[in-house]
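Working notes, beginning with the structure itself.
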Amino acid sequence: MSHADHHPTLRQLVIAVAAVVFSMVSVTSGAALAKSLFHAIGPGGTTGLRNGYGAVMLLAFWRPWRGGNLTLAQWRLVAAYGVSLGMMNLLFYTALQTLPLGLAVAIEFIGPFTLALINSRRLTDFVWLLLAMAGLALLLPWGDGPLAADPKGVAFALGAGALWALYIVFGQKASRLLPGGYVTSIGITIGSLITVPVGLVQAGSAMFDWSTLGVALGVALFSSAIPYSLDMVALRRVPARTFGILMSLEPAVAAMSGLIILGEGLTLRQQFAIGCVMIASLGSTSSARKVEPMVQEP
């Protein structure tokens, strides 16, 4: 197995860009679809179904049991990835209960932005930090008519952002040691061991009502099975810095999904704030110091 240079090859970059773009469209569309289940089973029940069905899909597709036994160190790393994945989903869906999709993703994005900032060592990072703080300040619940941000929703989105940063860290480390599908399928299974019981407590037997089955399978496919696999495709080919630059588009993609699928409009101030967060993330990840390269495809 060869190693990539600090800069990905053109082929690697093209594959990574395509994977991340499709991942963002898939996961934001799945989140918009998930909101239609909240009235019946709540965010906890929706998260449980997303991860539970997603785990079944990924286990059936990747069949990780054929890859041999993991060492204790590998189990710890995959477990950390799975726990951060499951809790990230749970907190994010809880935030979506009271926040528009584009707004929730923009606030959550502070987590990956902070991760990129940690990898940066330039004076311009201070500018990106101020810009991100300005964007976050504009998104906070100062009062904005019918679209005012809910304080609890903001707190849950920030918590999901912190877990998103951990998801990236553990996912990158695990993908260096193990095949991406192996990590993803076991990781989401571990995440489901957390979120399915939480969903059962919140929604009870309504989680398994036939009326929710079709939508739940769609949520699992578009929000978990497809994007997590595509994330691993990208993480194995480009450094975390490049991955972060590509992910800077996600708040805009989420806002478009919320508008098209859910009819969720945003005020001009909120649109400007999302733009600030995106530009700050793009600038910060672009100026980040070089990191250890990812492992190339065998």
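Name the residues in segment 239-288 that are charged (D, E, K, R) and at pLDDT below 85, would you?
At the first step, the residues of segment 239-288 found to be charged (D, E, K, R) are 241, 250, 264, 269.
Listed by number, the residues that qualify are ARG241, ARG269.
Can you tell me how many residues within segment 8-54 are within 13 Å of the chain's Cα centre (by Cα) and basic (Lys, Arg)?
0
Test VAL14 against the criterion of being out of contact with any Phe, Trp or Tyr (no Cβ under 6 Å at 6 or more places or on another chain), part of a helix (DSSP H, G or I), exposed (fewer than 14 other Cβ atoms within 10 Å of the Cβ) and of a type in the set (Val, Ile, Thr), and give yes or no. Don't jump to the end; show me each part of the working.
On the way: out of contact with any Phe, Trp or Tyr (no Cβ under 6 Å at 6 or more places or on another chain): yes; part of a helix (DSSP H, G or I): yes; exposed (fewer than 14 other Cβ atoms within 10 Å of the Cβ): yes; of a type in the set (Val, Ile, Thr): yes.
Yes, satisfied.
Would you mind stating whether GLY42 is at pLDDT 90 or above, out of contact with any Lys or Arg (no Cβ under 6 Å at 6 or more places or on another chain) and more than 22 Å from ALA162 (Cα to Cα)?
yes
Failed condition for MET207, given (1) crowded, with 20+ Cβ neighbours inside 10 Å; (2) more than 16 Å from ALA34 (Cα to Cα); (3) over 16 Å from the mean Cα position of the chain (by Cα), with all others met?
With respect to (1) crowded, with 20+ Cβ neighbours inside 10 Å; (2) more than 16 Å from ALA34 (Cα to Cα); (3) over 16 Å from the mean Cα position of the chain (by Cα), MET207 is out only on (2).
I'd like to check something: does segment 172-184 contain any residue that is more than 16 Å from the chain's Cα centre (by Cα), surrounded by fewer than 19 Cβ atoms within 10 Å (Cβ to Cβ), of a type in the set (A, V, I, L, M, F, W, C) and at pLDDT below 85?
Within segment 172-184 (the criterion being more than 16 Å from the chain's Cα centre (by Cα), surrounded by fewer than 19 Cβ atoms within 10 Å (Cβ to Cβ), of a type in the set (A, V, I, L, M, F, W, C) and at pLDDT below 85), the answer is no, since none of the residues qualifies.
Do you know which residues across segment 194-204 are surrounded by fewer than 16 Cβ atoms within 10 Å (Cβ to Cβ) and not β-branched (Val, Ile, Thr)?
The initial filter retains those residues of segment 194-204 that are surrounded by fewer than 16 Cβ atoms within 10 Å (Cβ to Cβ), namely 197, 201, 204.
Result: PRO197, GLY204.
If I filter segment 233-252 for residues that are hydroxyl-bearing (Ser, Thr, Tyr), in a helix (DSSP H, G or I) and either touching a Lys or Arg at 6+ places or on another chain (Cβ under 9 Å) or surrounded by 22 or more Cβ atoms within 10 Å (Cβ to Cβ) (or both), do I get at least one hit?
In the first step, residues of segment 233-252 are kept if they are hydroxyl-bearing (Ser, Thr, Tyr); the result is 242, 248.
So of that shortlist, the ones also in a helix (DSSP H, G or I) come out as 242.
Next, only the ones that are either touching a Lys or Arg at 6+ places or on another chain (Cβ under 9 Å) or surrounded by 22 or more Cβ atoms within 10 Å (Cβ to Cβ) (or both) stay: 242.
The answer is yes, given that some residue of segment 233-252 is hydroxyl-bearing (Ser, Thr, Tyr), in a helix (DSSP H, G or I) and either touching a Lys or Arg at 6+ places or on another chain (Cβ under 9 Å) or surrounded by 22 or more Cβ atoms within 10 Å (Cβ to Cβ) (or both).
Could you list, in sequence order, the residues of segment 115-144 that are of a type in the set (Val, Ile, Thr) and either modelled with pLDDT of 80 or more or within 22 Å of LYS35 (Cα to Cα) (or both)? Even if it seems obvious, please write down each step before you answer.
First, pick out the residues of segment 115-144 that are of a type in the set (Val, Ile, Thr): 118, 124, 127.
Residue satisfying the conditions is VAL127 alone.
What number of residues in segment 218-232 are crowded, with 24+ Cβ neighbours inside 10 Å, at pLDDT below 85 and hydroxyl-bearing (Ser, Thr, Tyr)?
Residues meeting the conditions: 1.
The values are calculated or read from the model by the stated rules, or taken from the named source; none is laboratory data. Predicted model only: the values in this text are computed from it and were never measured. Note: ideal-geometry Cβ built from the backbone for every residue, glycine included; neighbour counts use all protein chains shown.
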